[in-house]
1. Which of (1) assigned to a loop (DSSP other than H, G, I, E, B); (2) open to solvent by 50 Å² or more (accessible area, probe 1.4 Å) is the odd one out, the single condition Y135 does not satisfy?
2. Six or more apart or on different chains, Cβ atoms under 6 Å: show the pairs whose first residue is in the stretch 108-127 and without any contact (Cβ under 8 Å) to a residue 24 or more places away in the chain and whose second is β-branched (V, I, T) and surrounded by fewer than 18 Cβ atoms within 10 Å (Cβ to Cβ).
3. Does I21 satisfy being under 20 Å from E130 (Cβ atoms) and either free of Cβ contacts under 8 Å to residues at least 40 places away in the same chain or of a type in the set (V, I, T) (or both)?
4. Considering only the stretch 114-123, state which residues are buried (at least 16 other Cβ atoms within 10 Å of the Cβ) and closer than 19 Å to F27 by Cβ.
5. I'd like the full set of residues that are over 15 Å from V118 (Cα atoms) and either among the hydroxyl-bearing types (S, T, Y) or free of Cβ contacts under 8 Å to residues at least 40 places away in the same chain (or both), limited to the stretch 56-70.
6. Might you let me know whether the stretch 92-106 holds any residue that is closer than 23 Å to E53 by Cβ, acidic (D, E) and either in contact with a strand residue (DSSP E or B) (Cβ under 9 Å, 6 or more places away or on another chain) or at pLDDT below 95 (or both)?
Amino acid sequence: MKIIIINGPNLNLLGKREPEIYGNQSFEDYFLTLKSKYSELELSYFQSNVEGEIINKIHEVGFECDAILLNAGGYTHTSVAISDAIAGVNTPVLEVHISNIYKREEFRHKSIITKECVGMISGLGLRGYELGLQYFLTT
């Protein structure tokens, strides 16, 4: 099974940025843990702070991967274009958020991309990515 994790803006700062919200571990370190634990999966990872690069990656992998875990970061709340990209591909996308978006600022309570995703995991820290992998392994 081929699964890609796509992270959006500012998630390259995990482990440094607001550790009280996002924790102390970098995503790269966490990803190595996932790859080791789920060695039966073909896991890949992409991160960009640029909306168009995220869209291009969804287009690139959206017909060849079995699943996408997407944390669109701040674009979750603003990007019609990312929502359209998800709608335009065959690969199922699961939305992941490290923090509980509903316990944060009001503008973060609205996700533009959710309607195109198979579901959403929010507020369970980095563990949300692993739960997303488990979902795809059992569906």
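The values are calculated or read from the model by the stated rules, or taken from the named source; none is laboratory data. What you see is a predicted model, and the numbers here were worked out from it, not measured in a lab. Virtual Cβ from ideal backbone geometry, glycine too; neighbours counted across all protein chains shown. Surface areas here come from the heavy atoms of the whole protein model, side chains and all, with no ligands, DNA or RNA. Shrake-Rupley method; radii C 1.70, N 1.55, O 1.52, S 1.80 Å.
1. Going through (1) assigned to a loop (DSSP other than H, G, I, E, B); (2) open to solvent by 50 Å² or more (accessible area, probe 1.4 Å) one by one, Y135 breaks only (1).
2. Partner pairs satisfying both residue conditions: none exist.
3. yes
4. Result: M120, I121, S122.
5. The answer is N56, H59, E60, F63.
6. Checking the stretch 92-106: at least one residue is closer than 23 Å to E53 by Cβ, acidic (D, E) and either in contact with a strand residue (DSSP E or B) (Cβ under 9 Å, 6 or more places away or on another chain) or at pLDDT below 95 (or both).
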